[in-house]
1. Kindly work out what percent of the DSSP beta bridges joining two residues of the chain are antiparallel, to the nearest 5.
2. Can you compute the FRET efficiency between residue 178 and residue 95 using 1/(1 + (r/R0)^6), with r the Cβ-Cβ distance and R0 = 41 Å? Round to the nearest 0.05.
3. How about residue 196: which aspartates and glutamates have a C-alpha closer than 12 Å to its C-alpha, ignoring those fewer than 8 places off in the same chain?
4. So, in nm, how far is label residue 144 from label residue 78 when the simple model puts each one 7 Å beyond its Cα toward the Cβ?
5. Using the number of other C-beta atoms within 10 angstrom as an exposure proxy, rank 122, 107 with the fewest first.
6. Among 87-94, 149-156, 133-140, how do they line up by average Cβ neighbours within 10 Å per residue, starting with the highest?
7. Please give the helix 82-94 orientation as an angle from the longest Cα principal axis of the chain, in degrees from 0 to 90, rounded to the nearest 10.
8. With 18 Å as the limit, write out which pairs from 48/139; 169/239; 208/239; 42/169 have Cα-Cα distances beyond it, or answer none.
Amino acid sequence: MNSRVSFPRALRPAMIVGVALAATAFSGCSVNNDGDDQIAGKQLFVAKCGSCHILGRADTKGVTGPNLDEAFRQSIKDGFGRDAIRGVVYRQILDPREGSAMPADLVDDEGARDIAAYVADVAARGGEDEGLLGSAVEKAGSDEPAVAENGVLTIPADPGGQLIFVNSKAEAPAGTLEINMPNESGVPHNIVIDGKGESPVVTEGDSKFTADFEPGEYTYYCAVPGHQEAGMVGTLTVK
């Protein structure tokens with residue numbers, strides 16, 4: 001869509017939002033808004049946009065793009081309805097601002113409508129999604145440590161696109177160790193241990209390096225800008 005729409009001045013700062021794909025219902029039985037599927041919207045938002053944007057209800061922590069809760073908070077206080085915000089988000093997804101980091105073909109029209117419905121409903125709200133929306137996205141990460149096997153330590157990136165390693169802890173014996181980070185998310189990631197190695201950034205596939213490790217504790221993290229700050233970090237214990 002190339003048509004342009006004039007929005008109230010108070011809403012214009014929010015238009016720089018490189019928006020997302022989301023879905024949420026505040027009651028357990030309502031997951032649609034004028035035919036838009038908010039569950040699909042939430043899932044899309046987390047997978048496609050959460051690596052760049054903070055949105056509290058979606059539990060996304062990306063920091064390279066605008067914080068969506070803060071982007072719309074003042075507009076909501078000033079009395080602009082969520083339907084207006086929904087229109088801003090929808091337009092911004094389909095017709096990104098020139099120079100924006102958000103790709104023009106992030107989603108199709110239906111996906112943009114689903115995302116816009118979700119973001120407009122949950123932006124700047126506290127609490128958590130409930131009912132079907134609350135379970136729409138599987139909780140990221142595992143409480144279990146990654147354990148080295150046959151000289152290889154595998155620490156996957158979250159396959160759903162959230163900024164987290166599946167394992168925030170890892171264990172390995174001293175000696176030569178291959179650090180392997182499988183990434184199925186489509187979001188660019190790598191894995192780094194300062195003084196030991198840095199794997200290449202990949203959007204899909206394995207990213208790895210090999211180094212010698214003495215007993216001790218090491219921090220591993222993703223070096224893509226904003227990812228470590230958002231929580232993509234963990235601790236390797238070598239014994």
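1. Working: 26 of 36 bridges.
Counting DSSP beta bridges with both partners in the chain, the antiparallel share is about 70 percent.
2. Numbers: r = 45 Å, r/R0 = 1.10.
The pair residue 178/residue 95 has a calculated efficiency of 0.35.
3. Qualifying aspartates and glutamates at Cα under 12 Å: 178, 212, 214.
4. 5.1 nm
5. Values: 122 29, 107 21.
Ordered from fewest to most neighbouring Cβ atoms within 10 Å, 122, 107 come out as 107, 122.
6. Values: 87-94: 22.8, 149-156: 15.1, 133-140: 17.1.
Ranking, from highest mean packing down: 87-94, 133-140, 149-156.
7. 60 degrees
8. Working: 48/139 16 Å; 169/239 14 Å; 208/239 21 Å; 42/169 28 Å.
Listed pairs above 18 Å: 208/239; 42/169.
No lab work stands behind these numbers, since they all come straight from the coordinates. Since this is a predicted model, take the numbers as computed values, not measurements. All Cβ positions, glycine included, derive from the backbone under ideal geometry; neighbour counts span all protein chains shown.
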